[in-house]
Amino acid sequence: MISNTRYWFLFLLIVLVYIAGMFVTLFENDSAQFAVMAMRMVQENDFLSLFKGPEEYLDKPHMHYWLAALSYKIFGIHDWAYRIPGVLATLLGAYSCFGLGRLLYNQNVGKLAALIFMTSQTIVLGAIDVRTDAVLTGFAVFAIWHLTAYIEKNYLKHMLLGCFGAGIAFSTKGQIALLVIGLPILCHLAYTRKWKLFLNWRVLTGLLVFAVVIAPMLYAYYTQFDLHPEKIIRGRGERSGIFFIFWEQSFERLSGEGVGQNSSDYFFFFHTFLWVFLPWTVLGLVAYWQKAKSIIQSKFKFEPNQEFLTLGGITLIFIIISFAQFKLPHYLNITIPLFAVLGAGYLHGLYMEENLRMKKILLGFQYFILAIVFLAVTFICFFVFKTDTYYNYIWKVVLSVIIIYYCLKREDYYFRIITIGVLSSVLLNGVLNTHFYPRLLQYQAGSSMAKTIDKNNIPTDDIYKISENHTWALDFYNQKPVKIISLMQLMDKKDIWVYVNDKELKTLKDAGFDWNQQLTEKQFRITRLQGKFLDPSTRKKVLNQMHLVHIH
């Protein structure tokens, strides 16, 4: 294993990247939407009801919003406060990767697994563009670690901690949490043949802990939905929140019913994996292949120095989520801890076996990925959004010197594979968090308009919109949801501001409305980047505008 000094130096660098990302403007849609939903809880002092704008929200449980609301209560309503629970859950996930890696392999594998997890592209992004998956992933791997430890050591504390983690994960995203926790555990039980450990009183105690942890979420669902069968949710009445979370939720995701269908590509997650696990993609693929080959060759016969938890868990999760009709890249986040442990175990095995050929191949791929990162960073800083501050140049030059030093340093390929991989992630995400995202978010009209509103001392109570189009960023940074008003109602209003897009502005004009002030901000759907936007010479062609007009 690399020295403790280098390990903690690398870990510190990636933590600094996470801290820098905490102060980036919230992304629309999901991050800003969830932040507003938690903000509503605090402002209205209603922690039992979930609302998405004016609509009651059934889709996901409450835990993520409760944690964000708690952070608001402690630190105030800020974007960085919203991200704190997600970042802490990610650190918990890293520590759990260490625990699981140490349990299945040894301490060195555990330390490396934590580092791989923290530097995986989708995990870094998940702590910036915070959705429910950061909390889900952290507590799910925490549960997997402790339930596996219970199987290996038969201690009550591990059962209790495992069920506590499972309860928090279930209260964050519902049935999928039990699936991603249960499948790896079942694979481990099947491989070790220790089924009897789940047939004693400790399991009943663990189930009691799980029930206590999920009880607040169930009570909230019950009060919002079960007590009010007259409510029409997604076109249906008599919706039971408890029945939904225990039964309907996952089937809706698999079928696309209620949430819609966005992909029938059964290989979506296979090609998505190529970027979500960067810079460790090749390591993950090779480790998976070698582990699968080893398990098959042994005909699934149990061997003391072998484990099937990671391989089996990854395989089954991939198969199941690939059949879902609604797919998003961050659904893979929960597999990253398993890949981190599997990859760390394989890499440590190469080091112990002194497999020079494979280490050379992996190092070659790490250099290739680093070269791509350097090209991407250069493209971002000197073409897409040109760097214009000296401090941005300084830290990039310093980090580049450090990277070159470790590239040229004569040491075992194993050490270089780890170091170059981590530094690739630090360089890329450091540039994204401190340069690319801040400049990109200048084209998110809602957050930009909120600054303009504050600068011009416009009362947020006097701002309206004439459609049901979501305005999450504006809602959050105004700390006041924009109210919806019809054109008929608008005719009776004076001295108010209306937030509209280009088409709606024309509607106002055609309806005979007049205004004496107009504030305009550039708008682009920043989570759907395209070449014309990245090219400064064609960027204007794909930009839209949002306007705030004063009806006098």
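The values are calculated or read from the model by the stated rules, or taken from the named source; none is laboratory data. Computed from a predicted model, the values in this text were never measured in an experiment. Virtual Cβ from ideal backbone geometry, glycine too; neighbours counted across all protein chains shown.
In region 535-552, what residues are among the hydrophobic types (A, V, I, L, M, F, W, C) and either assigned to a helix (DSSP H, G or I) or more than 13 Å from Ile496 (Cα to Cα) (or both)?
Across region 535-552, the qualifying residues are Val542, Leu543, Met546.
Against the definition (assigned to a helix (DSSP H, G or I), within 30 Å of Glu468 (Cβ to Cβ) and touching a residue at least 40 places away in the same chain (Cβ under 8 Å)), how does Arg40 come out, yes or no? Show your work before the answer.
Values: assigned to a helix (DSSP H, G or I): yes; within 30 Å of Glu468 (Cβ to Cβ): yes; touching a residue at least 40 places away in the same chain (Cβ under 8 Å): yes.
Here the answer is yes, as Arg40 does meet what is asked.
Answer yes if at least one residue in region 476-486 is in contact (Cβ under 8 Å) with a residue 40 or more places away in the chain, over 27 Å from the mean Cα position of the chain (by Cα) and surrounded by fewer than 18 Cβ atoms within 10 Å (Cβ to Cβ), and no otherwise.
Taking every residue of region 476-486 in turn, at least one turns out to be in contact (Cβ under 8 Å) with a residue 40 or more places away in the chain, over 27 Å from the mean Cα position of the chain (by Cα) and surrounded by fewer than 18 Cβ atoms within 10 Å (Cβ to Cβ).
Checking Leu189 against (1) touching a residue at least 24 places away in the same chain (Cβ under 8 Å); (2) closer than 25 Å to Pro61 by Cα, which test does it fail?
(2)
For region 44-61, does any single residue satisfy the condition of being farther than 25 Å from Ala140 by Cβ and assigned to a helix (DSSP H, G or I)?
Yes, region 44-61 has at least one match.
Contact list please: Cβ distance under 9 Å, first residue in region 108-125 and assigned by TED's automatic domain parsing to the domain that holds Thr335, second residue of a type in the set (Lys, Arg) and at pLDDT 95 or above, pairs at least six apart or on different chains.
Asn108/Arg102; Val109/Arg102; Gly110/Arg102; Lys111/Arg102; Ala113/Arg102
Only one of these conditions is not met by Asn262: (1) modelled with pLDDT under 85; (2) closer than 22 Å to Tyr191 by Cβ; (3) touching a Lys or Arg at 6+ places or on another chain (Cβ under 9 Å). Which number is it?
All conditions pass for Asn262, except number (2).
Under the condition of being under 31 Å from the mean Cα position of the chain (by Cα) and surrounded by 16 or more Cβ atoms within 10 Å (Cβ to Cβ), which residue from region 504-533 is farthest from Leu26 (Cα to Cα)? Talk me through it step by step, then tell me what you get.
Keep residues of region 504-533 that are under 31 Å from the mean Cα position of the chain (by Cα), which gives 521-533.
Next cut, surrounded by 16 or more Cβ atoms within 10 Å (Cβ to Cβ) only: 521, 523-524, 526, 533.
On the way: Glu521: 17, Gln523: 15, Phe524: 14, Ile526: 11, Phe533: 20 Å.
In this case the residue turns out to be Phe533.
Right, Phe170: in contact with a Pro (Cβ under 8 Å, 6 or more places away or on another chain) and either farther than 25 Å from Ile242 by Cβ or surrounded by 18 or more Cβ atoms within 10 Å (Cβ to Cβ) (or both) or not?
Values: in contact with a Pro (Cβ under 8 Å, 6 or more places away or on another chain): yes; either farther than 25 Å from Ile242 by Cβ or surrounded by 18 or more Cβ atoms within 10 Å (Cβ to Cβ) (or both): yes.
It is true that Phe170 is in contact with a Pro (Cβ under 8 Å, 6 or more places away or on another chain) and either farther than 25 Å from Ile242 by Cβ or surrounded by 18 or more Cβ atoms within 10 Å (Cβ to Cβ) (or both).
Among the residues of region 466-499, write down those that are hydrophobic (A, V, I, L, M, F, W, C) and at pLDDT 90 or above.
Of region 466-499, the ones hydrophobic (A, V, I, L, M, F, W, C) are 466, 472-474, 476, 482, 484-485, 487-488, 490-491, 496-498.
Within region 466-499, Trp472, Ala473, Leu474, Phe476, Val482, Ile484, Trp497, Val498 qualify.
Restricting to region 385-416, count the residues that are under 23 Å from Pro536 (Cβ atoms) and either small (Gly, Ala, Ser) or assigned to a helix (DSSP H, G or I) (or both).
Taking region 385-416 and keeping what is under 23 Å from Pro536 (Cβ atoms), we get 385-393, 396.
Now narrow it down to the ones that are either small (Gly, Ala, Ser) or assigned to a helix (DSSP H, G or I) (or both): 390-393, 396.
Looking only at that region, the number is 5.
Tell me yes or no: at least one residue of region 388-395 is aromatic (Phe, Trp, Tyr), free of Cβ contacts under 8 Å to residues at least 12 places away in the same chain and in contact with a Ser or Thr (Cβ under 8 Å, 6 or more places away or on another chain). Before the answer, list the steps.
At the first step, the residues of region 388-395 found to be aromatic (Phe, Trp, Tyr) are 390-391, 393, 395.
Adding the requirement that they be free of Cβ contacts under 8 Å to residues at least 12 places away in the same chain leaves 390-391, 393.
Applying the additional criterion that residues be in contact with a Ser or Thr (Cβ under 8 Å, 6 or more places away or on another chain) yields 393.
Yes, because at least one residue in region 388-395 is aromatic (Phe, Trp, Tyr), free of Cβ contacts under 8 Å to residues at least 12 places away in the same chain and in contact with a Ser or Thr (Cβ under 8 Å, 6 or more places away or on another chain).
Name the single residue, out of those in region 115-151 being small (Gly, Ala, Ser) and closer than 30 Å to Leu440 by Cα, that is surrounded by the most Cβ atoms within 10 Å (Cβ to Cβ). Walk me through how you get there before you give the answer.
Applying the first criterion (small (Gly, Ala, Ser)) to region 115-151 yields 120, 126-127, 134, 138, 140, 143, 149.
So of that shortlist, the ones also closer than 30 Å to Leu440 by Cα come out as 120, 126-127, 134, 138.
Values: Ser120: 27, Gly126: 28, Ala127: 25, Ala134: 29, Gly138: 31.
Checked region 115-151; the qualifying residue surrounded by the most Cβ atoms within 10 Å (Cβ to Cβ) is Gly138.
Taking the residues in region 346-378 that are free of Cβ contacts under 8 Å to residues at least 24 places away in the same chain and among the charged types (D, E, K, R) as candidates, determine which candidate is nearest to Pro279 (Cα to Cα).
Arg357
Report whether or not Lys386 is modelled with pLDDT under 85, more than 27 Å from the chain's Cα centre (by Cα) and basic (Lys, Arg).
On the way: modelled with pLDDT under 85: yes; more than 27 Å from the chain's Cα centre (by Cα): yes; basic (Lys, Arg): yes.
It is true that Lys386 is modelled with pLDDT under 85, more than 27 Å from the chain's Cα centre (by Cα) and basic (Lys, Arg).
Return yes when Leu254 is modelled with pLDDT of 90 or more and assigned to a helix (DSSP H, G or I) and no when it is not. Before the answer, list the steps.
Numbers: modelled with pLDDT of 90 or more: no; assigned to a helix (DSSP H, G or I): yes.
Answer is no for this residue.
Within region 409-422, identify whether any single residue is loosely packed, with under 15 Cβ neighbours inside 10 Å and of a type outside the set (Lys, Arg), and answer yes or no. Lay out the reasoning, then the answer.
Step one: of region 409-422, the residues loosely packed, with under 15 Cβ neighbours inside 10 Å are 409-412.
From the residues that got through so far, the ones that are of a type outside the set (Lys, Arg) too are 411-412.
Yes - at least one qualifying residue is present in region 409-422.
When the residues of region 65-94 are narrowed to those that are hydroxyl-bearing (Ser, Thr, Tyr) and in contact (Cβ under 8 Å) with a residue 40 or more places away in the chain, which ends up nearest to Phe164 (Cα to Cα)? Steps first, answer last, please.
So in region 65-94, the residues hydroxyl-bearing (Ser, Thr, Tyr) come out as 65, 71-72, 82, 90.
Now narrow it down to the ones that are in contact (Cβ under 8 Å) with a residue 40 or more places away in the chain: 82, 90.
Numbers: Tyr82: 23, Thr90: 17 Å.
The selected residue is Thr90.
Conditions (1) at pLDDT 90 or above; (2) small (Gly, Ala, Ser); (3) more than 29 Å from the chain's Cα centre (by Cα), marked per residue:
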{"residue": "Gly182", "(1), (2), (3)": "yes, yes, no"}
{"residue": "Trp201", "(1), (2), (3)": "no, no, yes"}
{"residue": "Ala211", "(1), (2), (3)": "yes, yes, no"}
{"residue": "Tyr221", "(1), (2), (3)": "yes, no, no"}
{"residue": "Phe225", "(1), (2), (3)": "no, no, no"}
